[in-house]
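To start, the structure itself, in structure tokens.
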Amino acid sequence: MRGEKEQECLDLVRKFIFTNDGRPIYHPFTGKMYLEVSDEEFIKEQIWFINSKCDKNYFGLLEEDRKEIEQILRNVQPNQNLNDFPDFIFERGFIEHFQVSSSKTTRKGAEHTKVMRCFTDKVNKEIEEIKREWNEIPSFDEVRSNHWAIQNPEHNHGYLVKSFERNWGNHLESLRKYTGNAEVGIFMIEYPEFALSMCENVYNDWIDGMSQGDMREQEKIRCYRLSRDKQLLDFMYQNKKYIKYVIFVYCDGFEIIRLENIPYLLKLLPWDYIIYPLMVNSISSLYNISIPENIEKKEKIENE
């Protein structure tokens, strides 16, 4: 069933494309935003409503593809049949959302999600208990604090590939049963975990200690990027008949990939990437200092 996470993911992509770091983009002559104009005006003046940095997020898209996906993201609407495939529909096709995980996944869900949910529930419960205790015994001369920390569970690229392929297959099966317009099929795939990094393996078979002059350095990527994963790019290319675009949303950005043009992208990836887990600690903190009642009353009177 569609929920908040699907709409939040779509809204995040729209924010990347139709705002400038969260600030609305206004037409320089009319002063209007992308939702304040007609479809005809948007198509005619499209360049003025788009974040100019978006080109670096488009992979394998021709000019007409870029215009098409931006028009789709502007106009797409939630499917009113909440329990049915797909999540979002537009005149010529659909957008279907799903999440993937690089942690171990069972029928009960991803291990990362379960661990973080338990951690959050535990912290919230203990915070309420500590608040009651601190209210009963105030501290006026020192700041009190409490901290909670947890490490990511096990993550690896193999788990991500399994999750990706399994979820892709399940949603592709739903697509095969879909009777609506599927001329332009889009999968919006969300990887919400900050758990994997990548680095280009340019030094494979390199002689240890040998200099490279001013030749380019290897690319190192802080957060996993689908556009550099040759294994999953190959996998997606096999499904270009059904899916035209993949929107990939990761921890601090997004990518839009045109599946039909993946062979051209692969030519730009002469080396494989080493994909490795990060050591990540999630930390939650609570701080408190009490204010004497007479000071609170005095400040209130002065403010009035």
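I want to verify a result. In a Gaussian network model of the chain, Cα cutoff 10 Å, which of these has the top mean-square fluctuation: Gly22, Gly31, Gly213?
Gly213
Could you look at region 115-161 and say what percent of its accessible area is carbon and sulfur, using a 1.4 Å probe and all protein chains?
About 49 percent, which is the carbon plus sulfur part of the accessible surface.
For a quick check, take a GNM of the chain with Cα springs below 10 Å and name the residue from Ile247, Ile275, Ile221 with the largest mean-square fluctuation.
Highest fluctuation of the listed residues: Ile221.
From Cα pairs below 8 angstrom and at least 6 apart in sequence, can you work out the relative contact order of region 188-244, rounded to a whole percent?
38
Below 8 Å between Cα atoms, with a sequence gap of 6+, how large is the relative contact order for region 15-81 in percent?
31
Going through the cross-link list Lys220/Lys241; Lys240/Lys267; Lys53/Lys162; Lys15/Lys104; Lys56/Lys220, which pairs have a Cα-Cα distance over 27 Å in this structure?
Those over the limit are Lys220/Lys241; Lys53/Lys162; Lys15/Lys104.
What spacing in nm lies between the two simple spin-label points modelled at Glu165 and Ile43, each 7 Å away from Cα in the Cβ direction?
Each label point is offset 7 Å from its Cα along the Cβ direction, giving 4.1 nm.
Using the Kirkwood formula over every pair of different C-alpha atoms, what hydrodynamic radius in Å results for the chain?
Kirkwood hydrodynamic radius for the chain: 22.8 Å.
May I ask for the angle, rounded to the nearest 10°, between helix 63-75 and the longest principal axis of the chain, with both axes built from Cα atoms and the value confined to 0 to 90°?
Approximately 40 degrees, to the nearest ten.
Under the 0.36 nm per residue contour assumption, what length would be gained going from the current alpha-carbon distance of Glu136 and Asn181 to full extension?
So the chain would gain 10.0 nm between Glu136 and Asn181.
So, in nm, how far is label Cys199 from label Tyr26 when the simple model puts each one 7 Å beyond its Cα toward the Cβ?
So the two model labels end up 4.7 nm from each other.
Setting aside same-chain residues fewer than 8 positions from Lys32, which aspartates and glutamates have a Cα under 13 Å from its Cα?
By straight Cα distance, Lys32 reaches Glu41, Glu45.
Hey, in the GNM for the chain with a 10 angstrom Cα cutoff, which one of Phe49, Phe94, Phe29 fluctuates hardest?
Largest GNM mean-square fluctuation: Phe29.
Quick check: at a probe of 1.4 Å, how many percent of the accessible area of region 38-80 sits on carbon and sulfur atoms?
50
Just need the relative contact order of the chain here, percent rounded to a whole number, with Cα pairs under 8 Å and 6+ apart.
23
Taking the alpha-carbon distance from Lys125 and a cut-off under 15 Å, which aspartates and glutamates remain once sequence neighbours fewer than 8 residues away in the same chain are dropped?
Answer for Lys125, where 15 Å is the Cα cut-off: Glu133, listed by chain and number.
The values are calculated or read from the model by the stated rules, or taken from the named source; none is laboratory data. What you see is a predicted model; the values in this text were computed from it and never measured. With ideal geometry, Cβ positions are generated from the backbone for all residues, glycine too; neighbour counts draw on all protein chains shown. Areas reflect the complete protein model, heavy atoms only, side chains present, ligands, DNA and RNA absent. Shrake-Rupley method; radii C 1.70, N 1.55, O 1.52, S 1.80 Å.
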